[in-house]
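The values are calculated or read from the model by the stated rules, or taken from the named source; none is laboratory data. Treat the numbers as computed from the prediction; the structure is a model and nothing was measured. As a convention, Cβ positions derive from the backbone with ideal geometry for all residues, glycine included, and neighbour counts pool all protein chains shown. Ligands, DNA and RNA are stripped out before the accessible areas are found, and what is left, the full protein with its side chains, is counted by its heavy atoms. Shrake-Rupley method; radii C 1.70, N 1.55, O 1.52, S 1.80 Å.
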Amino acid sequence: MNDVGSVVGLADMARTALEGGSSAILVTVSQALGSTPREAGAWMLVGADDVVGTIGGGRLEFDAIDRARDMLQSGESEAQTNVPLGPEIGQCCGGRVSLSFRLQNAADLGALQAKAERERIGQPAVFIFGAGHTGRALAKALAALPLAVTLVDSRPETLNALPHAIRCEAAAMPETWIETAPPSSGFVVMTHDHGLDFLITAAALAREDAAYVGMIGSATKKARFASYLRDLGRPSDIDRLTLPIGASALRDKRPEVIAALTASEVLTCLLSAQQKSLPLRLA
């Protein structure tokens, strides 16, 4: 199993199944030949009422879910299928997919849950500083992606009612989280105070291994921050900063839109190690 995009949902589903004494079927793409919607190793966990993960969608996936639930009903523990992706199932990819089905008992589900948690810990880390409207929107957008998301704010009341996949930290000195962040982390700064923004961002840029450093703001704010860096004797650090975050021709300032655009930037840098070229491309 190598798909880390649904590890949070997998952990949740495994935990629920364990607590309820129910079972589930793990469906895995064991072989993918030609043009296929997913690669070998893609998976989904099918329970009586829930599904986590995906093997590619469409009729292929619908039929696999039906097959898995038939197994849950009959008590069948293992099965294999080989599916040509042709007109007969309404998916004209032209390839062929082999699927394996395996019943997950309590021990299997416990192992899956532990594996999901390990994969979650090992995911690229992104730290968001500031839990205002845009910070919360960005945290929610990133929480669904294969990233370990931490939201930091000095105001504890701003960290309520967020998905549990988001690690929320109330910190009187948010900048202290920079030093202990894992290598190649991403940092997005959007606090309620420009002075604090500058302090945190300067600390993040001092981390030469940072995969992404972004700060919300305008051209004027960038000019002021460039002056701040010159005073610190680090004028070239401005070249590694993405400001404004979520820059695009849309010029849309709604928090959810900024969050979606910024999530794309962060994901590109953290997963593709393109942190050096991205600020220049977005300038």
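Listing for the model above:
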{"read-out": "Length gained when the stretch A79-D50 is fully extended (0.36 nm per residue, less Cα-Cα span)", "value": "8.5 nm"}
{"read-out": "Most to least packed among 140-146, 234-240 [average Cβ atoms within 10 Å]", "value": "140-146, 234-240"}
{"read-out": "Carbon + sulfur, % of accessible area of region 100-162 - ligands and nucleic acids excluded, 1.4 Å", "value": "57"}
{"read-out": "Around I65: net Lys/Arg minus Asp/Glu count, Cβ-Cβ under 12 Å", "value": "-3"}
{"read-out": "Highest average packing first - 56-67, 122-133, Cβ atoms within 10 Å", "value": "122-133, 56-67"}
{"read-out": "Label-point gap, in nm, between R118 and S236 - each point 7 angstrom along Cα→Cβ", "value": "4.1"}
{"read-out": "Spatial extent of region 153-215: Rg and Dmax, with the Cα atoms as the point set, Å", "value": "11.9, 34"}
{"read-out": "Whether region 138-283 is rounded, prolate or oblate, judged on the alpha carbon gyration tensor where a/c under 1.5 counts as rounded", "value": "rounded"}
{"read-out": "Stokes-Einstein translational diffusion, region 113-159 - Kirkwood Rh over all Cα pairs, 1.002 mPa s, 20 °C, in µm²/s", "value": "189"}
{"read-out": "Computed E for A170/I65 - FRET, C-beta separation, R0 35 angstrom, nearest 0.05", "value": "0.25"}
{"read-out": "For region 28-44 versus region 102-147, the gap between their alpha-carbon centres in whole angstrom", "value": "23"}
{"read-out": "Computed accessible area, I216, all protein chains, 1.4 angstrom probe, square angstrom", "value": "50"}
{"read-out": "Shape of region 44-193, Cα gyration tensor, a/c cut at 1.5", "value": "prolate"}
{"read-out": "For region 258-267, Karplus couplings with θ = phi - 60° (6.51, -1.76, 1.60), whole Hz, Gly/Pro x", "value": "4, 4, 5, 5, 5, 4, 5, 4, 4, 4"}
